[in-house]
Amino acid sequence: MRTKILLLIAISISVALISNAQITAGRYLLGGSFNYYSATNESNKSFYSNIQIGKAIKDNTVVGITSSYASNNYYYSTPSQNKTRQYSIGVFYRKYKALANNFYFFGELDASYQYSKNVQEYFTNVSQNLNTKSNGLAVNFIPGISYSVWKRMQMELSMPNIAYLTFSHIATINGSLPPSTPSQKRDAFSVNTNLNSNLLSNFGIGFKFILGK
């Protein structure tokens, strides 16, 4: 009997905590997400992570600062490889929509400055490589699902970079050319979607801590 009473009390407390887990105005969010993908048959490895801090300007609406890091290594069937590293910092706007059973759908819009470096190496000629650097602005839409684990913590499943547009200034230098050779420079505008045939590579796992009263 005593065990049943204690169990009932524990369940009641848990329900109370979760029922109050919505993000109310004035609270702060701190957290991030990550995505890792590796495929031996494709000789491809990629990693994405971000950190965010924001404030709820009204119930279930958050604005804040975001930063991210991404890397991608691709090994071709021919003796060469392609390495990309990307860094970004910017602002975000996120809107939550309550669903059943403590689940939330959210849509996030990011605007950020990005810097990236791409190195393509040719193993047939170790002295030759192609270096590309770019920097510019990007707008990114991220949808996802959030679950209230308890009053102060949420777990997330998101799709980073599912749709984004960028404007970049790109400079390319061929490593096999003499140092005096001028780099090739251009501006580029692009609109992209990331609907990979392997769905697991599109999802990121994250968390958020809810701070404040």
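The values are calculated or read from the model by the stated rules, or taken from the named source; none is laboratory data. Computed from a prediction, not measured in an experiment: that's the story for all the values here. With ideal geometry, Cβ positions are generated from the backbone for all residues, glycine too; neighbour counts draw on all protein chains shown.
So here's what we get for this one:
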{"item": "Residue match in the range 168-177 (condition: touching a Leu at 6+ places or on another chain (Cβ under 7 Å), part of a strand (DSSP E or B), surrounded by 16 or more Cβ atoms within 10 Å (Cβ to Cβ) and modelled with pLDDT under 90)", "result": "no"}
{"item": "Filter result (hydroxyl-bearing (Ser, Thr, Tyr) and either touching a residue at least 60 places away in the same chain (Cβ under 8 Å) or over 24 Å from LEU137 (Cα atoms) (or both)) within the range 69-114", "result": "TYR74, TYR75, TYR76, SER77, THR78, SER80, TYR96, TYR104"}
{"item": "Residue that is farthest from SER148 (Cα to Cα), among those in the range 188-211 that are part of a strand (DSSP E or B) and at pLDDT below 85", "result": "ALA188"}
{"item": "Enumeration of residues in the range 100-120 that are surrounded by fewer than 17 Cβ atoms within 10 Å (Cβ to Cβ) and either at pLDDT 90 or above or not in a loop (DSSP other than H, G, I, E, B) (or both)", "result": "PHE103, PHE105, GLY107, LEU109, ALA111, TYR113, TYR115, LYS117, VAL119"}
